[in-house]
Amino acid sequence: MFRVLKHARIPMFSNRKSNHIFTIWQHIVLVTIRQYEGKSYRMFADWLLEAYYLRSFLRLSRIPHFTTLQKFTDRIKNSLLEKIISSFIVISGTKHIFVGVDSTGFKITHASQYYTERTRYRRKYAKLSIGADVLLQQIICTIKIR
């Protein structure tokens, strides 16, 4: 993952005046591992207490609060994700890509179905479209969030 981030020329910090507690690279790796493990943000923060070797490898001076990772995923830009995905494709060295396109919708709010019907609250959705290689590498080539 660090090789991909270096190849994509992702900066360590988003702003020179930001607090330099955690780097963008550390955030991206932690969010990736959280997604791979299938844990919630709270459970992942608790899991990091026990993952000593991961913390030493990432050079974490302290364990991030679960809201730190949530806020990072909210503020990460699509262009940054596209740079990371394109670096995966370049590093993997695929010459022929057979693309399949699929899309799905996600609820933006955490309101229950009962509450939305009761208050006549307008349901808000985000649409995610993904283009992925379907034969050889089976990696995601592009994403679009609307």
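Pairs from the table (Lys107/Lys144; Lys6/Lys127; Lys124/Lys144; Lys83/Lys107; Lys6/Lys95) lying more than 19 angstrom apart at Cα are Lys6/Lys127; Lys83/Lys107; Lys6/Lys95.
Taking the accessible area of the range 1-109, probe 1.4 Å, and keeping the other protein chains in place, the carbon and sulfur fraction comes to 55%.
Simple spin-label estimate for Ser112 and Phe13 gives 4.5 nm between the two label positions (7 Å along the Cα-to-Cβ direction from each Cα). Taking 0.36 nm per residue of sequence separation and removing the Cα-Cα distance, the Ser103/Phe2 pair yields an extension gain of 33.5 nm.
The base-10 log of I(q)/I(0) for the chain, evaluated at q = 0.14, 0.16 Å⁻¹, reads -0.87, -1.06 [Debye formula, identical scatterers on Cα atoms, solvent excluded]. Note that the range 70-85 has calculated 3J(HN,Hα) couplings of 5, 5, 5, 5, 6, 9, 5, 8, 5, 5, 5, 5, 5, 5, 5, 5 Hz, one per residue in order, obtained from phi through the Karplus relation 6.51 cos²θ - 1.76 cosθ + 1.60 (θ = phi - 60°); glycine and proline are x. Solvent exposure of the chain, expressed per residue, is 75 Å² of accessible area, with all protein chains present and a 1.4 angstrom probe. Label separation (Val90 vs Arg75): 2.7 nm, computed from points 7 Å beyond Cα along the C-beta direction. Using a Gaussian network model of the chain in which every pair of alpha carbons under 10 angstrom is joined by a spring, one finds that among Gln70, Gln113, Gln35 the greatest mean-square fluctuation is at Gln113.
If you average the sequence gap of Cα pairs under 8 Å that are 6 or more apart and divide by the length of the chain, what percent do you get for the contact order? Before the final figure, lay out the partial values.
Working: 142 pairs, mean separation 29.0, N = 146.
Normalised by residue count, the contact order of the chain is 20 percent.
The values are calculated or read from the model by the stated rules, or taken from the named source; none is laboratory data. All figures in this text were calculated on a predicted structure; none of them were measured in a lab. Neighbour counts are summed over all protein chains in view; Cβ atoms, including those assigned to glycine, are modelled from backbone coordinates with ideal geometry. Remember, those area values only see protein heavy atoms, side chains included, never the ligands or the DNA or RNA. Shrake-Rupley method; radii C 1.70, N 1.55, O 1.52, S 1.80 Å.
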